[in-house]
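These notes are about the structure you will find just below.
The values are calculated or read from the model by the stated rules, or taken from the named source; none is laboratory data. Keep in mind it's a predicted model, so treat the numbers as computed, not measured. Here the Cβ positions follow ideal geometry from the backbone for every residue, glycine too, while neighbour counts run over all protein chains shown. The protein model used for the area step is the full one, side chains on, heavy atoms only, and it has no ligands, DNA or RNA in it. Shrake-Rupley method; radii C 1.70, N 1.55, O 1.52, S 1.80 Å.
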Amino acid sequence: MSEHTPRWWDHAVGYEAYIRSFADGNDDGVGDFIGMLDKLDHLAWLGIDILWITPFYTSPMRDWGYDVADYTAVDPTYGTIHDFDAVVAKAHDLGIRVLIDIVPNHTSDQHRWFQEALADPTSPYRDYYIWVDPPEDGSLPNNWVGYFGGKTWTVDEASGQYYLHLFLPSQPDLNWRNPAVLDEFDNILRFWLDRGVDGFRIDVAQAMVKDAELRSNPQIGPSDDSMFRWEQWNAFDHQHDILQPESVDIFKRWNAIAAEYDALLLGETYDLHMLDKLDRLVSGGDAIDVGFWFGAMHMEWDAQQIRATFELPLNNISAGLGWAQNSHDEHRSVTRFGGGDLGRRRALSLSVLLLGLPGLPFLYQGEELGLESGTLPAEAKLDPVGGDDPNSGRDGTRTPVPWSDADGMGFTSAGVTPWLPFGGRTAADTAEVQRADPASPLHAHRELLAVRKTLSEIVDAPFEWIDTDVDSLVAFRRGNIAFVANVSSAAALAPVAGAVLYRSGAGEALELAADEAMIIRIEG
Ligand code: GLC
């Protein structure tokens, strides 16, 4: 790896707080800034360096805040701008930097810009969005499918024109080819940077700019609206809707602003196929600083798949990778990897590996507690995505954090109904019970972060696979530090000798128990 300019996030560990479900400070059953303020000590104790807070802006909440109606105002559900300031100030006191989620691909249809655009097609705001006259043959303007599945065009009855939305019809896409939109967002970024944030997690960063002619994508497989959303998505070669070369110019412009404040641009770069295009967004160091790689959310607990999932971006993206196995958008990894103690062992082992890879790792709230996805009754489903099955959408990963075994689970007060059910949590899932138990997932994660913190030498050490005859071992080194996971139910011997700095399970010496991972300082 070439020499790079040291940045404050080089050896950091991030943590995603989904604000609605993090902690409720005013007893309305919805998480908020006052509640969050109270839990920052937990994050500092855990060893987190960066806190990413999901959208808290004024919103009609069709997509739970990812439909922004005012980018510079706090939704009253979450508190006031002063509550926000208090969280940022306390986080900074604790040595934690704060990233906020910016949602530039689309606004809410309730945003003033869209309302003006609808009310008057000649208004300058009309061109803030993407409009197309209906084709004469009655077809849609093109064949693009949405990230949530289904069509991406909705008619504005008043004008007869279609507008584009890669998500819900109530989330119209902005027109990033209009310079006025760029100017608006420069001001929005500065507004929050001036209030002290340390950077942004950029929602849907890969898709902001669209093909100038809105050409259809080549279809490479069957697709219809009844199919699972990712199947619909993968039926097309996304040449024209995402990862357009002009995106780089936007992020260069943002990077210049961020640089004035030494701020971090973290992109939600959700693409698992077009790695060369993704590379352009991150690798120059002058656009997006870190782009998430989501492969670890879409793989089985299988050594070959894990290796391939790491190798793909490591071979194609030269710098600036972000890693996560959980988020507010996917089922929790403990559930995906088999559930219960088995899933917990595997998820922790995967964390050991992710924390060893080049790049910036993120935990998602509750991951440190080894939580499975919450389970919900059909009538509790609130995610607009996922059809009728309550557990096929994203609610299961978004259930409130169980802080204690009290009525309200320390998330809210006794007698208050949380916005989403707790989803079947037990006392053993709670932060309070786990904090008192040195053998808990919480302590295992805390120790892992503490050990990793002592290994800043890995930042400049190249990534190298370690050869092993054992197919079920995933092993790599960064300089003298080895990260090894046993992806199997049989014990296996580590392929290197040295001092064991961390182990996730119950093996002994250099033997890895089933699904155990270790960090080893190689000797000899
Ligand atoms: C991102 C968010 C997701 C949201 C979508 C639309 O993928 O992570 O939660 O629904 O963007 O804004």
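Restricting things to alpha carbons, find the Rg to Rh ratio for the chain using the Kirkwood radius for Rh. Please list the in-between numbers first.
On the way: Rg = 22.9 Å, Rh = 23.8 Å.
That ratio equals 0.96.
So if I restrict to the alpha-carbon atoms in region 105-149, what is the Rg, and what is Dmax, the biggest pairwise distance, in Å?
Looking at region 105-149, its Cα Rg and Dmax stand at 12.6, 33 Å.
What figure in square angstrom, to the nearest 10, would you give for the accessible area of Arg345 with a 1.4 Å probe?
The accessible area comes out at roughly 100 Å².
Considering the Cα trace of region 1-120, what is its radius of gyration and what is Dmax, both in angstroms?
Rg and Dmax of region 1-120, Cα atoms, are 16.4, 54 Å.
Among Thr107, Thr454, what's the order by accessible area (1.4 angstrom probe), most exposed first?
On the way: Thr107 0, Thr454 95 Å².
Final ranking, largest accessible area leading: Thr454, Thr107.
Indicate, rounded to the nearest 5 percent, the antiparallel portion of the DSSP beta bridges found entirely in the chain. Intermediate results must be reported in sequence, preceding the final value.
Numbers: 32 of 59 bridges.
Close to 55 percent.
Would you mind getting the Kirkwood hydrodynamic radius of region 75-184 from its Cα pairs, rounded to one decimal in Å? Please report the intermediate quantities before stating the final value.
Details: mean 1/r = 0.0618 Å⁻¹.
Here the Kirkwood hydrodynamic radius works out to 16.2 Å.
How large is the helix-only mean residue ellipticity at 222 nm for the chain, computed as the sum of -39500 (n - 2.57) over DSSP H runs with n ≥ 4, divided by its residue count, in deg cm²/dmol to the nearest 500?
Details: 13 runs with 134 residues, N = 524.
Value at 222 nm, helices only, nearest 500: -7500 deg cm²/dmol.
According to a simple spin-label model (label point 7 Å from Cα along Cα-to-Cβ), what is the distance in nm between Leu493 and Arg190?
The two pseudo-label positions are separated by 6.4 nm.
Sorted by accessible area with a 1.4 angstrom probe, largest first, how do Ser413, Ser351 fall?
Output order, biggest surface exposure first: Ser413, Ser351.
Where the accessible area of the chain is counted over protein heavy atoms with a 1.4 Å probe, how much of it, in %, is carbon and sulfur? Kindly include the intermediate steps, with their values, before the conclusion.
Values: 9460 of 19280 Å².
C and S atoms contribute 49 percent here.
For the pair Lys453/Thr72, report the inter-label distance in nm, with labels modelled 7 Å from Cα in the Cβ direction.
About 3.7 nm, to one decimal.
List the pairs from Lys381/Lys453; Lys151/Lys277; Lys277/Lys453 whose alpha-carbon separation is above 28 Å, in the order I gave them.
On the way: Lys381/Lys453 39 Å; Lys151/Lys277 25 Å; Lys277/Lys453 32 Å.
Violating the 28 Å Cα-Cα cut-off are Lys381/Lys453; Lys277/Lys453.
What Kirkwood hydrodynamic radius do you get for region 388-524 when you take the inverse of the mean 1/r over all pairs of distinct Cα atoms, in Å? Kindly include the intermediate steps, with their values, before the conclusion.
On the way: mean 1/r = 0.0567 Å⁻¹.
Computed over region 388-524, the radius equals 17.6 Å.
Which is the longest stretch in the chain that no exposed loop site breaks, taking sites as GluC sites (Glu not before Pro) with a DSSP loop state and at most 16 other Cβ atoms within 10 Å?
For GluC sites (Glu not before Pro) (loop position, at most 16 other Cβ atoms within 10 Å), the longest site-free span of the chain is 301-507.
Any idea of the accessible area per residue across region 66-106, 1.4 Å probe, to the nearest Å²? If you can, show how the numbers build up before the last one.
Values: 1250 Å² over 41 residues.
Result: 31 Å² of accessible area for each residue.
Which whole-number value in Å² is the accessible area per residue of region 181-283, probe 1.4 Å?
Numbers: 3980 Å² over 103 residues.
In whole numbers, region 181-283 has 39 Å² accessible per residue.
What do you get when you divide the Cα radius of gyration of region 459-522 by 2.2 N^0.38 Å, with N the number of residues? Numbers along the way, then the final one.
On the way: Rg = 10.8 Å, N = 64, 2.2 N^0.38 = 10.7 Å.
Taking N as the residue count of region 459-522, the ratio is 1.01.
For region 430-469, with every protein chain kept in place, what is the accessible area per residue (1.4 Å probe, Å²)?
Numbers: 2170 Å² over 40 residues.
Accessible surface, normalised per residue, equals 54 Å².
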